[in-house]
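All remarks here apply to the structure that follows.
The values are calculated or read from the model by the stated rules, or taken from the named source; none is laboratory data. As the structure is a prediction and not an experimental result, all values here were calculated from the model. Counting neighbours? That spans all protein chains shown, and the Cβs are built from the backbone with ideal geometry, glycine included.
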Amino acid sequence: MTSHYDHAQVQEFWQYIWERDDVYELSEDAVDPTYVLGMFPYTSGTLHMGHVRNYAITDAYARYRRMNGDDVLHPMGWDAFGLPAENAAHDRASDPESWTQACIRRMREELETMGFGYDWSREITTCEPEYYRWNQWLFKRLYEEGLVEYEAASVNWCPDCETVLADAQVEVRSHEASDGVDGAGDRESRDAQTRVCWRCETPVGRRELDQWFFTITDYAEELHDGLDELEGWPDGVRQIQRNWIGRQEGHRISFEVTAPDGDAVADFESVDVFSTRPETVYGATYLAVSPGHELARAVADTDETVAAYVDDAREREPESVGYDGVRTDLTAVHPLTGAELPVYVAGYVLKDVGTGAVMGVPAHNERDHEFAREHDLPIERVIVPDGESVDVESEPHLGDGTLAGSGEYDGLSSSAAAERIPAEHEAFEADVTYRLRDWLISRQRYWGTPIPVVHCEDCGHVLVPDEELPVELPEFVRTTGNPLEAQESFVETTCPDCGGPARRETDTMDTFVDSSWYFLRFLSPDIDDAPFDAELADEWMPIDVYVGGDEHAILHLLYIRFFTRALADLGLLEIREPVERLISQGTVLYDGEKMSASKGNTVAPQEYGAETTRLFVLAAAHPEQDFEWTANDVRGVYDLQQSLYGMATAFIDETDTRLERREHDEYVDREIDRTIATVTDEYERFRFHRAVSEIQGLARLLRRYRGYETPQEEVYRRGLLTLAALIAPMAPHLAEELWNKLRGDGLVVEAAWPEPERDTDDAHVARRLVETTLEDVRDIVDVAEIEAPERIELVVAEDWKYRLADRLAETDPADETAELVDRLATDDAVDADRAAIDAFVADRNRRRGELDPLADADREREVLERSRWLLEDEFGAVVTVRRATEASEFGEKARPGKPAINIQ
């Protein structure tokens, strides 16, 4: 029998067996299964190492939970709509559906080759009408609930993709720009920013279009507050979402506005600004509104200069506007001083931030300061920093201090003024604003879910009736722009309400809609009268473990949280948070850079073999950490597989065993128990890299045990079966081979997770004792240059030291005074003089924070007796373990957890 493990020869057989026995298929009769899910892949055509890492994590945990007796839901599907498929089809003179289906076939074959244990009976594909019908149905329910709006909006426009982009789909790239030539003849450089499409990196512009939105802002407060309850989510992801939602507490401050003749502006008696620093109100020297503010539009109707500026600003990127602006002929009245302030339309003020208007406080706000210097506006300091001098003409003072130039509030601290001023003036009203904006779902592309609306001149926007869903995509037509607009047979229809001529909506839905509820469809993928089985959802949700890349920390995760809440308010769900535990996986690097086909630094998952690749991505680092792909480290997990396979083969073929048990057999048995307990804890904490290290350690011990002398049959076989079971979630093909050779019952994938046969409460302390003792012996041998030790004597400390160690562990170091030592010296339980006690107390204080010692001298001696064979094996010496009372010449040097060592 060969001792070389060839994964390729066995994987097909074991995958056939797993499929034959329906190992991974979950019955709908399952009761509250453990739901383990990896973010389903976009159908790009091939798997990359990021996919493998994601799905190796979920697969390992799903297998682990299954071996623990859980019913496990572990499905897979395809995020199949999207512009890249449309572009790829265009480049290949194909159509998006054919290209997507070919990608799915290829990627599914790769997933199966990797041996991932999915319930393929639940497979879903978002581009199939059976799925996107329910996108349309849910759109209608959200519309009826008032969570859908159709309005004109200035949107991000990608000219290459010819579609709009949500704000979060626009990346801001910094680069160096030139401001001209300085006095030395060199060009002055500054940081500039360009907004580019997240897909094609083309610079993004602005357009005014009628668009469909989901009003996610209705849930802004709940989405923000709910983050505090997501204890199973990484803190970094929660903070990213907090920042994106952008909750700010402050005050609305009302400023009256008047025209040159002193009359109120039509429909605008006042303008509200939002400020988080009401204590700076006396420093306001102007009022500015966004080009998109209703006041700006009203003024533009009669002022050509303002109109030209508003039209120009609408077409520009926000980052390119800088601090330009135009003064109107309006005046704003300061609500506290009555001073008349100029009113500007300014590009740096954003329509959808706060109220779209700001009170300019140049002395205490960076952006206001830049605008004031650009337009030669007054800069009035109203907060004086304590103990320092700041020239606010050069730079604003942003910190706290004492109020000045603020009337009756002069001399107050800025914090006190922040409370008093709003409380004493009616112009202030407490308010909360959010950075979060409504979700723009319109896309001017073909390969997406058609929005189920028709436009009728008489009836307006009319929803397509449920019985006519799905509105299916027509056959693909190669054209520029939006292919749906070019197909009159699709566009021309009749109004469901009046029967008159109407036109179908030609925008399709953002593909994030597909992935915002797909995890619910996995529960009942074949149901045809609802998007999902509500009873199963109430029982099986939330997702117990969800794994995906941190690039989805904002959009996808925020959208699934919004959708879940909206569905709950529709009466379709009971839960309001979709994911209990989130694992945000790190990046696989190659030569310090993220693996990317564009950089030519990718490694194909099949290059090193499925089992080796899976095991390596789990062993390399914690799932949430980045790690570097190196051939040497891959070799390490390859060697582990070969070692385990060789050990099992040798045991079956040639290893002699004995029946009687000896002292060191008990040590090995206990190490098996300790390894089981430790690896179990590592799986629970998703620390697969540490689980691999523990498995490697047990394998080394068993090899050493076999080489020391003939192993005991039961102990050695148990150790090998334990290795097979512990590695099964990470390397299932190898584990089945080992289990089969060792005559394990049934399939290891269906076997019960191993359990310790003994109490393991102090197992880690015992292991540490053995490891430090071995290290100490090696150090002595090296320092004393002892070539061949003949005898090694280990002496366990006196009993009183263990009792005293327990007592000291319960006291504060500050309380360990001479008085305490005096009490201990007269304690009958402490059989030692004051000098010995002094020395022991000082030593324990130095070593505080180290691992606690074992309970008593008897337990320590027991552990050392069982492990002395390790020293005998390593040094070929006679090893004895004695109590301090049996070796008075060395006993006084021994401490709990640190035996005295005598080497001859």
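Tabulated values for the structure
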item: Any chance Ala60 is touching a Pro at 6+ places or on another chain (Cβ under 8 Å) and assigned to a helix (DSSP H, G or I); result: yes
item: Pairs where the first residue, in segment 334-353, is closer than 22 Å to Thr217 by Cβ and the second is among the basic types (Lys, Arg), C-beta under 6 Å, 6+ apart; result: Asp352/Arg437
item: Qualifying helices (runs of 4 or more DSSP H) (wholly inside segment 700-791; at least 1 residues being in the same structural domain as Pro896 (by TED's automatic domain parsing) and closer than 14 Å to Leu870 by Cα); result: 763-783
item: All positions within segment 478-536 that are basic (Lys, Arg) and farther than 24 Å from Thr126 by Cβ; result: Arg503
item: Filtered residues of segment 203-239 (kept if under 23 Å from Asp311 (Cα atoms) and not in a strand (DSSP E or B)); result: Val204
item: Flag for Gly226 being surrounded by 14 or more Cβ atoms within 10 Å (Cβ to Cβ), within 24 Å of Val361 (Cα to Cα) and among the small types (Gly, Ala, Ser); result: no
item: Selected residue (only one of Phe562, Phe627, Phe616 is within 18 Å of the chain's Cα centre (by Cα), aromatic (Phe, Trp, Tyr) and over 21 Å from Asp225 (Cβ atoms)); result: Phe627
item: All helices (runs of 4 or more DSSP H) inside segment 436-543 with 3 or more residues being out of contact with any strand residue (DSSP E or B) (no Cβ under 9 Å at 6 or more places or on another chain) and in contact (Cβ under 8 Å) with a residue 12 or more places away in the chain; result: 534-540
item: Check on Pro396, assigned by TED's automatic domain parsing to the domain that holds Tyr286 and either closer than 15 Å to Thr276 by Cβ or not in a strand (DSSP E or B) (or both); result: yes
item: Candidate set from segment 887-904 (those that are in a helix (DSSP H, G or I) and touching a residue at least 12 places away in the same chain (Cβ under 8 Å)); member that is surrounded by the most Cβ atoms within 10 Å (Cβ to Cβ); result: Gly891
item: Members of segment 251-300 found to be touching a Lys or Arg at 6+ places or on another chain (Cβ under 8 Å) and either surrounded by fewer than 20 Cβ atoms within 10 Å (Cβ to Cβ) or not polar (S, T, N, Q) (or both), listed by number; result: Asp272, Val273, Phe274, Gly283, Pro291, Gly292, His293
item: Residue, nearest to Gln9 (Cα to Cα), within segment 96-109, restricted to residues that are surrounded by fewer than 20 Cβ atoms within 10 Å (Cβ to Cβ) and either among the charged types (D, E, K, R) or in contact with a helix residue (DSSP H, G or I) (Cβ under 9 Å, 6 or more places away or on another chain) (or both); result: Glu109
item: Test: residue in segment 627-638 that is small (Gly, Ala, Ser), more than 14 Å from His48 (Cα to Cα) and assigned by TED's automatic domain parsing to the domain that holds Arg690; result: yes
item: Enumeration of residues in segment 602-620 that are out of contact with any Ser or Thr (no Cβ under 9 Å at 6 or more places or on another chain) and either of a type in the set (D, E, K, R) or in the same structural domain as Glu682 (by TED's automatic domain parsing) (or both); result: Glu611, Arg614
item: Residue that is modelled with the highest pLDDT, among those in segment 301-317 that are assigned to a helix (DSSP H, G or I), within 38 Å of the chain's Cα centre (by Cα) and surrounded by fewer than 23 Cβ atoms within 10 Å (Cβ to Cβ); result: Arg314
item: All positions within segment 63-95 that are part of a helix (DSSP H, G or I), modelled with pLDDT of 95 or more and more than 23 Å from the chain's Cα centre (by Cα); result: Arg66, Met67
item: Selected residue (only one of Leu484, Leu573 is crowded, with 22+ Cβ neighbours inside 10 Å, under 30 Å from Glu457 (Cα atoms), over 24 Å from the mean Cα position of the chain (by Cα) and of a type in the set (A, V, I, L, M)); result: Leu484
item: Given (1) touching a Pro at 6+ places or on another chain (Cβ under 7 Å); (2) under 17 Å from Ser290 (Cα atoms), index of the condition Leu377 fails; result: (2)
item: Residues within segment 356-379 that are modelled with pLDDT of 95 or more and in a loop (DSSP other than H, G, I, E, B), tallied; result: 7
item: Test: residue in segment 592-606 that is in a loop (DSSP other than H, G, I, E, B), surrounded by fewer than 22 Cβ atoms within 10 Å (Cβ to Cβ), on the phi > 0 side of the Ramachandran plot and in contact (Cβ under 8 Å) with a residue 24 or more places away in the chain; result: yes
item: Hits in segment 193-202 (condition: assigned to a loop (DSSP other than H, G, I, E, B) and either surrounded by fewer than 17 Cβ atoms within 10 Å (Cβ to Cβ) or free of Cβ contacts under 8 Å to residues at least 60 places away in the same chain (or both)); result: Trp198, Cys200, Glu201, Thr202
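Every residue, every condition in (1) surrounded by fewer than 18 Cβ atoms within 10 Å (Cβ to Cβ); (2) in the same structural domain as Arg685 (by TED's automatic domain parsing); (3) under 22 Å from Ala731 (Cβ atoms); (4) of a type outside the set (A, V, I, L, M), yes or no:
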{"site": "Tyr16", "(1), (2), (3), (4)": "yes, no, yes, yes"}
{"site": "Asp21", "(1), (2), (3), (4)": "yes, no, yes, yes"}
{"site": "Glu28", "(1), (2), (3), (4)": "yes, no, no, yes"}
{"site": "Asp32", "(1), (2), (3), (4)": "yes, no, no, yes"}
{"site": "Tyr35", "(1), (2), (3), (4)": "no, no, no, yes"}
{"site": "Tyr64", "(1), (2), (3), (4)": "no, no, yes, yes"}
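Conditions (1) touching a strand residue (DSSP E or B) at 6+ places or on another chain (Cβ under 6 Å); (2) within 22 Å of Arg238 (Cβ to Cβ); (3) assigned to a loop (DSSP other than H, G, I, E, B), marked per residue:
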site	(1), (2), (3)
Ile560	no, yes, no
Arg565	no, yes, no
Leu572	no, no, yes
Arg576	no, yes, yes
Glu580	yes, yes, no
Leu589	yes, no, no
